[in-house]
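Undergrad: The structure under discussion is supplied below as structure tokens; questions concerning it will follow.
The values are calculated or read from the model by the stated rules, or taken from the named source; none is laboratory data. Source: prediction; values computed, not measured. Backbone-built Cβ (ideal geometry, glycine too); neighbour counts: all protein chains shown. These accessible areas exclude ligands, DNA and RNA; they are computed on the full protein's heavy atoms, side chains included. Shrake-Rupley method; radii C 1.70, N 1.55, O 1.52, S 1.80 Å.
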There are 4 protein chains.
Amino acid sequence: MNALVYHGPGQKAWETVPDPTILEPTDAIVKIDTSTICGSDLHILKGDVPETKPGTILGHEAVGTVVKIGKAVTTIAVGDRVLISCITSCGRCRFCKEAKYGLCSGGGGWIFGHTIDGLQAELARVPFADTSVYPVPDGLTDEQVLFVSDILPTAYEVGVLNGGVEPGDTVAVVGAGPIGLAAIMTAQLHTPGQIIAIDLADARLEKAREFGADVTINNGREDAIAIVMGLTGGLGADVAIEAVGVPDTFELCTALIRPGGRVANVGVHGKCATLHLETLWTRDVTITTGLVDTNTTPKLLKLIESGRLDPSPFATHHFALADTVEAYDVFGAAAETGALKVVLEAHPVGHDDRGATVAPTYAPELVGSR
Amino acid sequence: MNALVYHGPGQKAWETVPDPTILEPTDAIVKIDTSTICGSDLHILKGDVPETKPGTILGHEAVGTVVKIGKAVTTIAVGDRVLISCITSCGRCRFCKEAKYGLCSGGGGWIFGHTIDGLQAELARVPFADTSVYPVPDGLTDEQVLFVSDILPTAYEVGVLNGGVEPGDTVAVVGAGPIGLAAIMTAQLHTPGQIIAIDLADARLEKAREFGADVTINNGREDAIAIVMGLTGGLGADVAIEAVGVPDTFELCTALIRPGGRVANVGVHGKCATLHLETLWTRDVTITTGLVDTNTTPKLLKLIESGRLDPSPFATHHFALADTVEAYDVFGAAAETGALKVVLEAHPVGHDDRGATVAPTYAPELVGSR
Amino acid sequence: MNALVYHGPGQKAWETVPDPTILEPTDAIVKIDTSTICGSDLHILKGDVPETKPGTILGHEAVGTVVKIGKAVTTIAVGDRVLISCITSCGRCRFCKEAKYGLCSGGGGWIFGHTIDGLQAELARVPFADTSVYPVPDGLTDEQVLFVSDILPTAYEVGVLNGGVEPGDTVAVVGAGPIGLAAIMTAQLHTPGQIIAIDLADARLEKAREFGADVTINNGREDAIAIVMGLTGGLGADVAIEAVGVPDTFELCTALIRPGGRVANVGVHGKCATLHLETLWTRDVTITTGLVDTNTTPKLLKLIESGRLDPSPFATHHFALADTVEAYDVFGAAAETGALKVVLEAHPVGHDDRGATVAPTYAPELVGSR
Amino acid sequence: MNALVYHGPGQKAWETVPDPTILEPTDAIVKIDTSTICGSDLHILKGDVPETKPGTILGHEAVGTVVKIGKAVTTIAVGDRVLISCITSCGRCRFCKEAKYGLCSGGGGWIFGHTIDGLQAELARVPFADTSVYPVPDGLTDEQVLFVSDILPTAYEVGVLNGGVEPGDTVAVVGAGPIGLAAIMTAQLHTPGQIIAIDLADARLEKAREFGADVTINNGREDAIAIVMGLTGGLGADVAIEAVGVPDTFELCTALIRPGGRVANVGVHGKCATLHLETLWTRDVTITTGLVDTNTTPKLLKLIESGRLDPSPFATHHFALADTVEAYDVFGAAAETGALKVVLEAHPVGHDDRGATVAPTYAPELVGSR
């Protein structure tokens, strides 16, 4: 098969590699129909993630079709269309039993395109398949569910649920990139009173308004704290969601939060931040961190199925899976291209932003069974 | 009457001042029977609390007898023995309605001995009496309930409840001064599996064992993180309670916590701390801060009444109220005197640690009514 | 002033009565601008509520203007526009401190038009005013907030919140009268996956669809249990809200609930029901009952202010306050008139469903102050 | 091997049957070291449980040693001492993912000695072994952990946790048989203010006091409601735990509960009960039912290991496993024998209540591996 292989910092290629095989009785082999690229793929390519070794296939988000299952797999069958979660769950360890799959200590967690081969490929081996993939509800397209692999549950669980968003709340989302937009989108499931998006780029703030922000603040030229205080009777936001990953934005969150409020960190941080305990100690503030568990995946799928949630606006660009290298270029230059998420299709059917219809590059026959 | 009056940094005196009077229909006047001294009284005396003006009577913990009530007071009557909470609740503002009395925006919060005259006095005016004092259950002595004014609910609410202590948990309490000991005592209401006390002083760790710690670590000479990891299968503590108030101890808490655990800050901080988001961002950690609300006061009183909780071991020294200055000396030199809490008695009856029986210095007739 | 006075079963009159006066320092006198009628007013008129004595002014829902306050009232001032809650909170008893105002044991609870004079009047005495009225947000009309007196918080707290509605849930609302419709409306704050309304009357089911039900079942001619099971993969509803108040509908709720689901009773019951523990004991079902506490009033007002919630569709008919008797006729014959809630206006300005503009019948000068 | 086989109502025998074998890759074979008898075994023998077919080996509680594992089993190894839970969890279905193992829809739930062969046997096949057994902590005897198979988590989860017992609460436990006693024992993990045991038999109430009840009421000759009201200032119990399973005791629970309280049903019911909604509808009462999930098993084991919980007082009688029939006689006549739980030992070592030391009847060599 063909796949996008990491060859060390700055180096990647779409190339031919051996087909994956069943290694454990709990494995499944899934033909990838649709995949996408995540900001953490770019981190790996920069060399920031040393545990990812050269030779690893990248990618941890996909929708596909089961082509083979191990002897212990009972809940999915060959031919099933499944969403592959970015988080693998062994289903057996203490953390998986608490539905904290992101902390899986039994061989799961974030492993795809990280410590094992990933999903920007024509085929993938999916460990612990029974507890790590989800049937795609009938009638939904790949694109409608693809972003439930990672970005939606990440924003929803680590941002909205950790932040405890309740009806009527003022929610400040700091950072209006894809993950901040997903927080804005999923916060609306809990009907906050107002959503305030804060970012340095007007283009991202414009997107934030499209995704449901009521107020936007460009904190490059506006005083975010003063504006938030003005919008909240001087109290501060009920919930602040950090969706950037640098010390300044985290500290902004702890400055604009009201007494008794909650700061939910979603951003990926490379440096420590300053925590102003000299003022925060009396303010009844709760701060949370977390990796996504994807335990809300069934709920998010149900909401999409019922028409309550529509992640499709994230799909700004479409590529054939074989053109993944080109897709990386577009996604990596998001500031210029306006890319939120790219869609990589094994069987592309043509889209207005690319025009061309590309023939599928690989169509494995459906083989194997228990 | 006589009272302990603050006269600016380093200066205080037990002196005669005018009797307090009813200023608002929701006020009560309470004759103080028993009071005590808190670490924050020492902070004020050092000059660290600029909003406390010279001329203010200190103290925010007491048991007394109601001698007069305003016309709007309905739930307490003249002659009632009451516990006065360190936190005053207006009962009307948004925060009081959420039982977050420590954040009261209607004139309450921590005001006694801070922004209004306090309780180290023979008489005190108690604002919002209906919502700020608690009847002392029949049969309980002043000393049994006195520490429910502040130290017990502070440790219980801000440490144990914010920390979410559950049966079987490993709870690390960093700091074994009075507030840390109160956390150790009240954590046992939720039956943790093990309580680990961490401090630099062996004498305090010895006390920690007396109060219920299962394991003690002197982190001046022992590696606290390594020991906690060893006791928890390498995971870390389920709950860490910071009971010191300096950056190092806070950072220790965030280092010894397990993935998915909770750090509850109780310490009073004067400086910022470093938050290692570069490691914590993936670890599903919850960090809380808070001022006590004293909304658990009725529960704590009930537990004392039923014999499930006994705060009397905190009472290490007893003084006549008139000897409050001397009591400050003993309490302020806790490292030498071993004082945890001193008991200031308007009607001392003699105790083995002081010997003398002192006549009450003031006994106001019970006068006034609605 | 004039008011609607109850004179025993079946008897009521709009008549002149003495103006109310301040009796306690915590009282306020409020000029009623807008009021409405509740199903429980009809119960009283039927003689079903013996504790309501002849001579009592009826009504427990109103928006008005403060004209006088007692000496202990601090949070509202003469001239303020306020929403009067159907539940009075003393703010001091154990239950009020837990925000369970409906259980107030300090003289509050449901008292208006029940055990004291009510709000279908030109003026009303409001006890415990600080904790029992809410300022109307600027820019909102009386009609926009009027139904937050009772029907909205009742449906939201006792139905939706007790029922624990979560995003994606299947919510079955049994009974599509005003309270069931309010449950359908407020359930949407939590974005359920589907709302199923069940009733015997097609006209009410049509209303249910207008208010947001996704599916309607006429259980006079359809098999509600079978349909619900069909819509939920054979499991049953996640949440069932009983909004009728008879044994059959309650038992239907316990029959169509899924294992692990929640049945929230909102209906006013006059008879016992059968609880099928022989099947329910293994099914992890939670059943709740409750009187409204109105502790969500500030949240609901905020949601209306932010445009997230619009109760105005409940206002089907408008009357001058002086025409309250006529309004009772229309409201009491809801099956024929289609009345959901009637609006009683002290200063009616004319509405298309009644046509006439009636001059205000009473306009007290704004007098009195602390 | 030998096992206790059900042969239809009233008929059972300890007899030789074929050894169990691995049927699925997730199975394990466990040599039973210690087992016990449950009240539901008696129900089956009475013929009350039609889904249990003649020929089934009874029993669902045991401690044993793993002798063989299927190819997909990863977390336990041959030779491990394990506690077998009464509830089997597939680990894959929606309910198992929510830790509601009692509702498992993937082939688990209560199956041992019910729909598949059980644990009163020398060997047992354990399906879904990774998610259905728990390693016995080092240093604990079989008898210390045996009752964590069923009775302890049942009382703790379905009674204490569903009942929401909090420090200081008044907890009424109706029924002082083994399950009621287990509720009394485990309620203490949350430090209630008082535990009131209610039963018709003085002998059971005497046991209740030994297990930690503060007050006992014989409701055959005492007025339970009046006494509970007297002990709670007229309010009623905060939590009522039904541990009998007949309509009268359930209805007693709903009568003695305070407004805002919780009734947790643990009893196994064969008939419907009357729910007095005509009084309960205003009382903010929560009623729960449930089958045990055993999701607290790790917590309970940790508490036993740390010495906080000691279930050994339940072990009133000891038998050799080969004498299981005799043990049934003693357990079935609990009113006369005073039996709480009997201990069935494959390798009995002699106990003062039986005297004799019996040689093990079966000692399979430890064979097999992945």
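Undergrad: List every residue pair whose Cβ atoms lie under 9 Å apart, where the two residues are 6 or more positions apart in sequence or sit on different chains, the first residue falls within segment B:69-82 and is over 13 Å from B:VAL30 (Cα atoms) and within 13 Å of chain C (Cβ to nearest Cβ), and the second residue, located anywhere, is open to solvent by 70 Å² or more (accessible area, probe 1.4 Å) and in a strand (DSSP E or B).
TA: Sorted first by the residue in segment B:69-82, then by its partner, the pairs are B:THR75/B:PRO135.
Undergrad: Oh, and also: Could you list all residues from segment D:75-96 that are over 23 Å from D:ASP142 (Cβ atoms) and buried (at least 21 other Cβ atoms within 10 Å of the Cβ)?
TA: Initially, segment D:75-96 is screened for residues over 23 Å from D:ASP142 (Cβ atoms), giving D:90-96.
Answer for segment D:75-96, where residues must be over 23 Å from D:ASP142 (Cβ atoms) and buried (at least 21 other Cβ atoms within 10 Å of the Cβ): D:CYS90, D:GLY91, D:ARG92, D:CYS93, D:PHE95, D:CYS96.
Undergrad: Is there a residue being closer than 22 Å to C:GLN188 by Cα and of a type in the set (Gly, Ala, Ser) anywhere in segment A:115-124?
TA: no
Undergrad: Quick one: in segment D:192-201, which of the residues that are open to solvent by less than 20 Å² (accessible area, probe 1.4 Å) and within 25 Å of the chain's Cα centre (by Cα) is nearest to the other protein chains (Cβ to nearest Cβ)?
TA: Among those that are open to solvent by less than 20 Å² (accessible area, probe 1.4 Å) and within 25 Å of the chain's Cα centre (by Cα), it is D:PRO192.
Undergrad: Which of the residues belonging to segment A:107-125 are within 14 Å of chain D (Cβ to nearest Cβ) and crowded, with 22+ Cβ neighbours inside 10 Å?
TA: A:GLY108
Undergrad: Could you say which residue among D:THR34, D:THR65, D:THR26 is open to solvent by less than 30 Å² (accessible area, probe 1.4 Å), over 27 Å from D:HIS317 (Cα atoms), at pLDDT 95 or above and of a type in the set (Val, Ile, Thr)?
TA: After applying the criteria, what remains is D:THR26.
Undergrad: If we keep just the residues of segment B:1-13 that are within 12 Å of B:THR56 (Cα to Cα) and in a strand (DSSP E or B), which is most open to solvent (accessible area, probe 1.4 Å)?
TA: Here the residue is B:LYS12.
Undergrad: Looking at segment D:258-277 only, could you name the residues that are over 17 Å from D:ILE184 (Cα atoms) and among the aliphatic types (A, V, I, L, M)?
TA: Hits for segment D:258-277 are D:VAL268, D:ALA273, D:LEU275, D:LEU277.
Undergrad: Here is a list: D:GLU242, D:GLU210. Which entry is farther than 19 Å from D:ARG262 by Cα and in contact (Cβ under 8 Å) with a residue 24 or more places away in the chain?
TA: Answer to the selection: D:GLU210.
Undergrad: Right, something else. Identify the residue in segment C:219-240 that is open to solvent by 10 Å² or more (accessible area, probe 1.4 Å), touching a strand residue (DSSP E or B) at 6+ places or on another chain (Cβ under 9 Å) and of a type in the set (Val, Ile, Thr) and, among all such residues, is farthest from the other protein chains (Cβ to nearest Cβ).
TA: Only one residue fits best here, namely C:ILE227.
Undergrad: Can you name the condition, by its number, that D:SER312 falls short on among (1) within 9 Å of chain C (Cβ to nearest Cβ); (2) in contact (Cβ under 8 Å) with a residue 40 or more places away in the chain; (3) under 30 Å from B:PRO167 (Cα atoms)?
TA: The failed condition is (1).
Undergrad: For segment B:41-52, check the following and say yes or no: at least one residue is without any contact (Cβ under 8 Å) to a residue 12 or more places away in the chain and either out of contact with any His (no Cβ under 6 Å at 6 or more places or on another chain) or in a loop (DSSP other than H, G, I, E, B) (or both).
TA: Yes, because at least one residue in segment B:41-52 is without any contact (Cβ under 8 Å) to a residue 12 or more places away in the chain and either out of contact with any His (no Cβ under 6 Å at 6 or more places or on another chain) or in a loop (DSSP other than H, G, I, E, B) (or both).
Undergrad: Can you tell me which of (1) open to solvent by 20 Å² or more (accessible area, probe 1.4 Å); (2) under 25 Å from D:CYS104 (Cβ atoms) is the one C:GLY163 doesn't meet?
TA: C:GLY163 satisfies every listed condition except (1).
Undergrad: Among the listed residues D:ASP138, D:ASP142, identify the single one that is among the acidic types (Asp, Glu), within 14 Å of chain B (Cβ to nearest Cβ) and surrounded by fewer than 24 Cβ atoms within 10 Å (Cβ to Cβ).
TA: Numbers: D:ASP142 fails: within 14 Å of chain B (Cβ to nearest Cβ).
Just a single option satisfies the conditions, and that option is D:ASP138.
Undergrad: Output yes when any residue across segment A:202-218 is at pLDDT 95 or above, within 14 Å of chain C (Cβ to nearest Cβ), surrounded by fewer than 24 Cβ atoms within 10 Å (Cβ to Cβ) and part of a loop (DSSP other than H, G, I, E, B), and no when none is. First the steps, then the outcome.
TA: Keep residues of segment A:202-218 that are at pLDDT 95 or above, which gives A:202-218.
From what's left, within 14 Å of chain C (Cβ to nearest Cβ): A:212-215.
Still in the list and also surrounded by fewer than 24 Cβ atoms within 10 Å (Cβ to Cβ): A:212, A:214-215.
Those still in the list that are part of a loop (DSSP other than H, G, I, E, B) too: A:212, A:214.
There is at least one residue in segment A:202-218 that is at pLDDT 95 or above, within 14 Å of chain C (Cβ to nearest Cβ), surrounded by fewer than 24 Cβ atoms within 10 Å (Cβ to Cβ) and part of a loop (DSSP other than H, G, I, E, B).
Undergrad: Could I ask something else about it? Could you tell me how many of the residues in segment C:274-294 are more than 7 Å from every other protein chain (Cβ to nearest Cβ) and farther than 22 Å from D:GLY159 by Cα?
TA: Counting residues in segment C:274-294 that are more than 7 Å from every other protein chain (Cβ to nearest Cβ) and farther than 22 Å from D:GLY159 by Cα gives 3.
Undergrad: Then there is this: List the strands (runs of 3 or more DSSP E) inside segment D:89-180, counting only whole elements, that have at least 1 residues being at pLDDT 95 or above, over 16 Å from the mean Cα position of the chain (by Cα) and assigned by TED's automatic domain parsing to the domain that holds D:PRO313.
TA: It comes to D:123-126, D:133-135.
Undergrad: Under the condition of being in contact with a Cys (Cβ under 7 Å, 6 or more places away or on another chain) and in a strand (DSSP E or B), which residue from segment A:248-306 is most open to solvent (accessible area, probe 1.4 Å)?
TA: The extreme case among them is A:THR274.
Undergrad: Which one of the conditions (1) open to solvent by less than 20 Å² (accessible area, probe 1.4 Å); (2) in the same structural domain as C:LEU42 (by TED's automatic domain parsing) does C:ASP329 fail to meet, given that it meets all the rest?
TA: Checking C:ASP329 against (1) open to solvent by less than 20 Å² (accessible area, probe 1.4 Å); (2) in the same structural domain as C:LEU42 (by TED's automatic domain parsing), the one that fails is (1).
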